[in-house]
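The values are calculated or read from the model by the stated rules, or taken from the named source; none is laboratory data. Note that the structure is a prediction, hence the values are computed from the model and not measured. Positions of Cβ are backbone-derived with ideal geometry, glycine not excepted, and every protein chain shown enters the neighbour counts. Each accessible area value is taken on the protein alone, full model and side chains, heavy atoms only, with ligands, DNA and RNA left out. Shrake-Rupley method; radii C 1.70, N 1.55, O 1.52, S 1.80 Å.
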Amino acid sequence: SRSGAKVTPQSLFNIASCSKAFTAASVAMLVEEGKLDWHDRVTDYIPELELADPYITDHLNIIDILAHRSGLSTFTGDLLWYQTDYTNEQIIERMEYLPIENEFRSEFGYQNNMFMVAGEIVERVTGQTWSAFIEERFFTPLGMENTVPSSDELQSGADIAYPHDRGEQIGLYDFNGTKPAASIYSNIEDLSSWVK
């Protein structure tokens with residue numbers, strides 16, 4: 001957090017898309033507990049979700065959203081969350097206007113918003129926020145005491161590794177929507193517990 005300070009094993013980084021592993025593990029845990037099935041239709045949990053193709057809307061399942069095979073191409077829809085203040089609900093409402101450019105279940109298209117949808121399913125099945133669920137099921141039992149679900153939970157004075165662009169420090173990205181895709185902050189020590 002201090003300019004010129006060295007990174008330590010305790011320094012907190014936004015782990016970005018490595019956050020997706022926690023979301024996928026959350027879904028897997030719920031499958032193991034019998035609260036979800038991999039082949040469940042997404043609209044059984046999020047009935048308001050519509051995509052531009054009605055067939056995909058009707059057949060999209062949990063595997064599809066986690067395997068990046070929804071028919072949406074890579075990064076399509078990112079401008080619904082990146083540098084906006086849209087909530088997950090507002091993003092879901094707008095997803096029907098995104099063009100379907102890939103073949104459903106046959107082509108890979110890297111999707112942040114589909115991981116947000118997975119996080120929404122976790123919330124609706126458990127009655128907990130995605131943040132509370134991953135803290136209770138992963139961070140606490142693994143002793144990940146310095147890991148937080150997003151920048152809005154960083155403590156004042158925390159040892160934060162700030163991003164830089166061409167040598168200039170830039171501010172932290174404050175996620176509003178799509179947190180389950182990329183918002184976790186963690187450090188080497190805590191992530192070692194997660195990997196083990």
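Hey, any hits in region 137-144 for a residue that's over 20 Å from the mean Cα position of the chain (by Cα), on the phi < 0 side of the Ramachandran plot and at pLDDT below 95? No, region 137-144 contains no residue that is over 20 Å from the mean Cα position of the chain (by Cα), on the phi < 0 side of the Ramachandran plot and at pLDDT below 95.
Please specify each residue of region 68-101 satisfying the condition of being open to solvent by 30 Å² or more (accessible area, probe 1.4 Å) and not charged (D, E, K, R). THR74, PHE75, LEU79, TYR82, GLN83, THR84, TYR86, THR87, GLN90, TYR97, PRO99, ILE100 - these are the residues of region 68-101 that are open to solvent by 30 Å² or more (accessible area, probe 1.4 Å) and not charged (D, E, K, R). Inspection of region 9-23 finds a residue satisfying the criterion of being of a type in the set (A, V, I, L, M), touching a strand residue (DSSP E or B) at 6+ places or on another chain (Cβ under 6 Å), in a loop (DSSP other than H, G, I, E, B) and under 24 Å from TYR82 (Cα atoms).
Among residues of region 41-64 that are more than 23 Å from SER26 (Cα to Cα), those with a beta-carbon under 6 Å from a residue that is surrounded by fewer than 18 Cβ atoms within 10 Å (Cβ to Cβ) and among the polar types (S, T, N, Q) at least six positions away or on a different chain give the pairs GLU50/THR57; LEU51/THR57. For GLY71, the conditions (1) more than 27 Å from TYR173 (Cβ to Cβ); (2) in contact with a Pro (Cβ under 6 Å, 6 or more places away or on another chain) are fulfilled apart from (2). Restricted to region 172-196, and to residues there that are within 26 Å of LEU79 (Cβ to Cβ) and either over 20 Å from the mean Cα position of the chain (by Cα) or hydroxyl-bearing (Ser, Thr, Tyr) (or both), the residue that is surrounded by the fewest Cβ atoms within 10 Å (Cβ to Cβ) is TYR173.
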